[in-house]
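To start, the structure under review is shown below, and the notes come after it.
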Amino acid sequence: MTEPAVAEASTVTKGASAGEAPSAVRAASVESGSKARPGARAAATSPEQLLKMLGERIVAKDIDGIIALHEPEAAIVDWDGSVIRGRAAIRTFYLEWFASNPVLTVNPRQTVIAGGWRAWDNKVRQRTAAIMGDYSLEQDAADGTRESFTGNFCDTVQEQLDGTWLYVQDNPYPPHGDAAASRTAHH
């Protein structure tokens, strides 16, 4: 299933100091179309909503909220190609990244949902989705100046048994082949 991304570009900007979240973010707010238990955080019910919620929590520098959007063994691909695995390592990554005062603008372009299994009620469950798009990032460099980057991303998310979605892989640096190779490649 291929679906054009419904979400518009969202800007992820500086918020509270790393590890702190405004009380409005800490409170269990129920966003439109999301699921939440009393006293629990809202959960995404679509890949697009998951991306939006991640952006909102990055703006708020809500580390616990960000971690709650990832499966326990999720991964992030870092700028050098290394892979950051598991919630503890992802927490450390975000704490360090927030020190650079990032401003991130994400433009989702396409979401592809596939896989899963058909249940007794004929509903497909535990689907996987790829969210693809582009982004721009501005952050503090080591020398104190601001630096800017642009790139593409391809994130992998999975539907949980309760119908909510979580990150499996956040990849802001997907590899791209050279133009000559892509003309001759077949799938």
Candidate cut points under GluC sites (Glu not before Pro) in region 104-164, DSSP loop plus at most 11 other Cβ atoms within 10 Å of their own Cβ, are none
So what J values fall out for region 77-82 if you push phi through Karplus, 6.51 cos²θ - 1.76 cosθ + 1.60 with θ = phi - 60°, rounded to Hz, Gly and Pro as x?
8, 8, 4, 8, x, 5
To check my understanding: the extent here is largest minus smallest coordinate of the Cα atoms along each principal axis. What are those three numbers for region 50-105, in Å, largest first?
24, 22, 17
Placing unit charges on C-beta atoms (Lys and Arg positive, Asp and Glu negative, everything else neutral), compute the dipole magnitude of region 60-187 about its Cα centre in debye, rounded to 20.
580 debye
Please report, in Å, the Rg and the Dmax of region 59-187, where both are computed over Cα atoms only.
17.0, 59
Keeping all protein chains in position, work out how much accessible area Glu96 exposes to a 1.4 Å probe, and write it in Å² to the nearest 10.
130 Å²
For region 43-187, what does the relative contact order come out to in percent, with C-alpha contacts under 8 Å and a separation of six or more?
24 percent
Cleavage-rule hits (trypsin sites (Lys or Arg not before Pro)) in region 79-146: DSSP loop, at most 12 neighbouring Cβ within 10 angstrom:
Lys123
For Ile67, what accessible surface area do you get with a 1.4 Å probe? Give it in Å², rounded to 10.
20 Å²
Ordered by number, the chymotrypsin sites (Phe, Trp or Tyr not before Pro) in region 56-136 that occupy a DSSP loop and have at most 11 other Cβ atoms within 10 Å are Trp79, Trp120
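The values are calculated or read from the model by the stated rules, or taken from the named source; none is laboratory data. What you see is a predicted model, and the numbers here were worked out from it, not measured in a lab. Backbone-built Cβ (ideal geometry, glycine too); neighbour counts: all protein chains shown. Each accessible area value is taken on the protein alone, full model and side chains, heavy atoms only, with ligands, DNA and RNA left out. Shrake-Rupley method; radii C 1.70, N 1.55, O 1.52, S 1.80 Å.
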